Amino acid sequence: MLQLPLKIILTGYRACGKSLVGRLLAERLGIDFLDMDKEIEAREGCTISAMVAAHGWPYFRERERGLLAELVGRDRLVVATGGGAIMHAEVWQQLKETGLVVWLRADTATIAARLNADEATNGQRPSLTGDSITREIAAVLAERIPMYQKGSHLTVDTSYRSPEEIVEQIATAWAMHGS
């Protein structure tokens, strides 16, 4: 029997459930939870929107890459990554080797509906393209889907499932991953 990976990394586009599922999953497994976006905001002392407005996306992406590198050596942890963290290929491969990477995905309509329903979207999730939400989702997913596919061990569609159902599927896969 193989040793269970001591880290679960959740990846996927915005509003696919990484933070909510991550908190519930960590609680279920009795391990720590880290939301990368919240951690970066705490370290920088400002929101991601303010950071991007003041310094640009490259500044934020560098902070994201640095935190990912720190997480390679951590265990007993569920990590909710930012949607673009998958773009850090060199660090991502190391994460994939040290934990179970789960891609939480949803269809474009579901993502758009979740973003539109979230009053904090504009403050917490600055636009990546400056386009409409639906066009932005389609464009960014077209670029990232191959990265999510290559960079993940497991894909879980969150479109029409409860957070509890998603947690159950990941916890089962996690246990099977080690056997």
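The values are calculated or read from the model by the stated rules, or taken from the named source; none is laboratory data. Given the structure is predicted, the values throughout are model-derived calculations rather than measurements. Here Cβ is always computed from backbone atoms with ideal geometry, including for glycine, and neighbour counts include all displayed protein chains.
In summary, Ile31 fulfils each of the numbered conditions (1) of a type in the set (A, V, I, L, M, F, W, C); (2) closer than 21 Å to Glu136 by Cβ; (3) surrounded by fewer than 17 Cβ atoms within 10 Å (Cβ to Cβ) with the single exception of condition (2). Among residues belonging to segment 1-20 that are at pLDDT 90 or above, over 10 Å from the mean Cα position of the chain (by Cα) and hydrophobic (A, V, I, L, M, F, W, C), point out the one that is nearest to Arg105 (Cα to Cα). Here the answer is Leu20. Pairing residues of segment 94-105 that are touching a residue at least 40 places away in the same chain (Cβ under 8 Å) and of a type in the set (Phe, Trp, Tyr) with residues that are surrounded by 22 or more Cβ atoms within 10 Å (Cβ to Cβ) and not in a strand (DSSP E or B), at Cβ distances under 9 Å and at least 6 apart in sequence or on separate chains, gives Trp103/Gly12; Trp103/Cys16; Trp103/Ile86; Trp103/Ser152. Determine if segment 151-160 includes at least one residue that is modelled with pLDDT under 95 and either farther than 19 Å from Tyr13 by Cβ or of a type in the set (Lys, Arg) (or both). Scanning segment 151-160, I find no residue that is modelled with pLDDT under 95 and either farther than 19 Å from Tyr13 by Cβ or of a type in the set (Lys, Arg) (or both), so the answer is no.
Condition check for Val21 on (1) under 20 Å from Lys150 (Cα atoms); (2) surrounded by 22 or more Cβ atoms within 10 Å (Cβ to Cβ); (3) of a type outside the set (Gly, Ala, Ser): one failure, at (1). For segment 68-81, the criterion of a residue being part of a loop (DSSP other than H, G, I, E, B), hydrophobic (A, V, I, L, M, F, W, C) and either without any contact (Cβ under 8 Å) to a residue 60 or more places away in the chain or surrounded by 22 or more Cβ atoms within 10 Å (Cβ to Cβ) (or both) is satisfied by no position.
Restricting attention to segment 149-179, which residues are among the small types (Gly, Ala, Ser), more than 15 Å from Val21 (Cα to Cα) and assigned to a loop (DSSP other than H, G, I, E, B)? Correct list: Gly151, Ser152, Gly178, Ser179. I need the helices (runs of 4 or more DSSP H) fully contained in segment 4-63, keeping only those with at least 3 residues that are in contact (Cβ under 8 Å) with a residue 60 or more places away in the chain. Counting at least 3 such residues, we get 18-29, 48-55. Restricting attention to segment 55-82, the residues being among the small types (Gly, Ala, Ser) and either in contact with a strand residue (DSSP E or B) (Cβ under 6 Å, 6 or more places away or on another chain) or closer than 15 Å to Glu39 by Cβ (or both) number 4. Selection over segment 81-123 of residues that are basic (Lys, Arg) and modelled with pLDDT of 95 or more gives a count of 1.
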